[in-house]
Amino acid sequence: MFEKVLIANRGEVALRIHRACREMGIRTVAVHSEADANAMHVRLADEAVCIGPARSADSYLNKPAIISAALITGADAIHPGFGFLSENADFAEMVENHGITFIGPTAQQMRLMGDKITARKAAIEAGLPVTPGSPALETVEDALAWAEKIGYPVIIKAKDGGGGKGMKIAFNAEELPEAYSMARAEAKAAFPSDVVYMEKYLQNPRHIEMQILADKYGNVVHLGERDCSIQRNNQKVIEESPSPALNDAQREEIGEIVRKAIEKIGYTNAGTLEFLYEDGKFYFMEMNTRLQVEHPVTEAVTGIDIVREQIRIASGAALGYSQKDITFSGHAIECRINAEDPETFSPCPGKILEWHAPGGLGVRVDSEIYSGYSIPPFYDSMIAKLIIHGKTRNACLMRLRRALEEFVIMGVKTTIPLHQEIISQAEFIDGQYNIHWLEKFMERNKK
Ligand code: ADP
């Protein structure tokens, strides 16, 4: 097992990884920007190294600085967390070339799945159901021809896309040329490549994803699904497991399809396969080759520490259990709490004057915040995740309501009031929602 792990991230996920390491008797190295010198992940780690100025490009994305920090401190592995360099295959390769273990899949697996076009191809070959779609689109004419074949509406997506960027919908042939050129322009600005492709646009799907774990010896398990349909601007706001839309038989069926596909692809470490789900059918969208923000809901219902498993797998340990050993218990919901104005969603960094996190049975708060901490304006606005576990969905909802009431965050605006509103809506309570529900609800509320 590793003796020292460098955590190449900040915020709550850096803390999350630190906690798993400490429970495994592993020492931790925090890295931080100049703006994060007082951050909790820096305070708790065994060692800390400043890797550059506030701007992410100069610090948390600064590959040579991070690798130097690992070499200087003698870390034998690097955990990338999520965001930043977590899906950067070149970084994973650099890490391994310096004799340090990258806690994640291989660079090759990351490249295969990081490109939405090659990922689709691999998914089809591995027997996963996908949305009807095109290969890379060279020209507008090409796009028009494929759209005819697939049938409108269609969605144009960047092959290197992420974070909901570079996606444009066209409902007919008149709209297509603009959607095509806008998607390419956005992709060019945001990603390494401006290559785009097309998928059938599903009109009212849910977003349901499957968590998997795979060791280096071909053992693969799935840890069930997460329903992440409560979204705004293609960004997840609330996630839950199990999905209110699936029954046990459906979970077992898609779980087995996913397990076999991962075996076939030969993927290792933790990963998530994202699907759209409409009219009882699954459509593979993409695979995330890293830890996900919403992993705690799966941990709550399975009792499995996913970060610990990532570290074990990377160190060469076998899973040591199989699918029949995985059991699901109760229901879990996560709310992402952002330092944002709950109405305009503009970021609201600043000093936390008072912080009181809820507690009690079935309540987990993952956060880097403490009283007196100043949230820097340079990074993502998520400041806490509230994860609730209950015996049933209804018990979970009651507990979530109680926990949100208890939360005190003074000094900055947060999205807590939005969460309180969402969870009091009849459709949410009944589990009757799809990926458009939140935006429609907010539209209605404005009027
Ligand atoms: P990203 O990598 O940018 O997050 P994804 O491919 O995961 O992009 O898609 C993000 C979101 O966009 C999905 O959760 C869904 O809301 C929407 N979306 C993507 N593809 C489709 C599609 N074919 N039909 C309908 N909605 C889609």
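Taking label positions 7 Å along the Cα-Cβ direction at both Asp341 and Asn247, the computed distance is 4.7 nm, reported to one decimal.
Here the Karplus curve 6.51 cos²θ - 1.76 cosθ + 1.60, taken at θ = phi - 60°, turns the phi angles of the stretch 432-443 into couplings of 9, 8, 10, 5, 9, 4, 4, 5, 5, 4, 5, 4 Hz, with x standing for Gly and Pro.
Remark: the chain carries 41 Å² of accessible area per residue (probe radius 1.4 Å; ligands, DNA and RNA excluded). Across the cross-link table entries Lys165/Lys446; Lys236/Lys446; Lys159/Lys264; Lys165/Lys216; Lys4/Lys165, which are compared at the Cα atoms, the separations over 31 Å belong to Lys165/Lys216; Lys4/Lys165. Ranked by the mean number of other Cβ atoms within 10 Å per residue, highest first, peptides 358-367, 152-161, 220-229, 16-25 order as 220-229, 152-161, 16-25, 358-367.
Using the Cβ-Cβ distance between Arg232 and Lys264 with R0 = 45 Å, the FRET efficiency computed as 1/(1 + (r/R0)^6) comes to roughly 0.80.
The slack in the chain from Val408 to Met182, taken as 0.36 nm per residue of separation less the alpha-carbon distance, amounts to 77.1 nm. Among the protein heavy atoms of the stretch 132-200, carbon and sulfur supply 57% of the accessible surface, probe 1.4 Å, non-protein parts ignored. Under a straight-distance cross-link criterion of Cα-Cα below 18 Å, which aspartates and glutamates are reachable from Lys168, leaving out those fewer than 8 residues away in the same chain? Straight-distance partners of Lys168: Asp115, Glu138, Glu141, Asp142, Glu148, Asp160, Glu178, Glu186, Asp194, Glu199, Glu286, Glu439.
By DSSP, the beta bridges lying fully in the stretch 132-200 are antiparallel in about 100 percent of cases. Cross-link partners for Lys351 among the lysines, with Cα-Cα distance under 16 Å and sequence neighbours closer than 8 places in the same chain left out: Lys413. For Lys324, the lysines whose Cα comes closer than 16 Å to its Cα, not counting residues fewer than 8 places off in the same chain, are Lys260.
In the elastic network of the chain, a GNM with C-alpha springs shorter than 10 Å, the most mobile of Ser134, Ser374, Ser346 is Ser346.
In a DSSP loop and with at most 13 other Cβ atoms within 10 Å, the chymotrypsin sites (Phe, Trp or Tyr not before Pro) in the stretch 141-248 are Phe171, Tyr217. Placing pseudo-labels 7 Å out from each Cα toward the beta carbon at Lys216 and Asn394 gives an inter-label distance of 4.9 nm. Summarising the label geometry, the points placed 7 Å from Cα in the beta-carbon direction at Asp76 and Ala173 lie 6.4 nm from one another. In the stretch 206-446, the portion of solvent-accessible area held by carbon and sulfur atoms comes to 49 percent [1.4 Å probe, whole percent, DNA, RNA and ligands not counted]. Would you give the gap between the C-alpha center of the stretch 371-434 and the C-alpha center of the stretch 267-309, rounded to a whole Å? Centre-to-centre (Cα) distance: 21 Å. Sparse packing (at most 10 other Cβ atoms within 10 Å of the Cβ) combined with a DSSP loop state is found for the following GluC sites (Glu not before Pro) in the stretch 56-158: Glu138. Restriction of the chymotrypsin sites (Phe, Trp or Tyr not before Pro) in the stretch 285-384 to DSSP coil positions whose beta-carbon has at most 13 other beta-carbons within 10 angstrom yields Tyr321, Tyr370.
Between Ser374 and Ile352, the built amide H atoms are under 5 Å apart, and every one of these is 5 or more places off in sequence or on another chain. Taking the dipole about the Cα centre of the stretch 271-388, with the C-beta of Lys and Arg at +1 and of Asp and Glu at -1, give me whichever of Ile337, Gly316, Phe282 is farthest to the positive side. Most positive-ward Cα: Gly316.
The values are calculated or read from the model by the stated rules, or taken from the named source; none is laboratory data. Everything numeric here is computed off the predicted structure, so don't read it as measured data. Every residue, glycine as well, gets a Cβ built from its backbone with ideal geometry; the counts of neighbours run over all protein chains shown. SASA here: full protein model, heavy atoms, side chains in, ligands and nucleic acids out. Shrake-Rupley method; radii C 1.70, N 1.55, O 1.52, S 1.80 Å.
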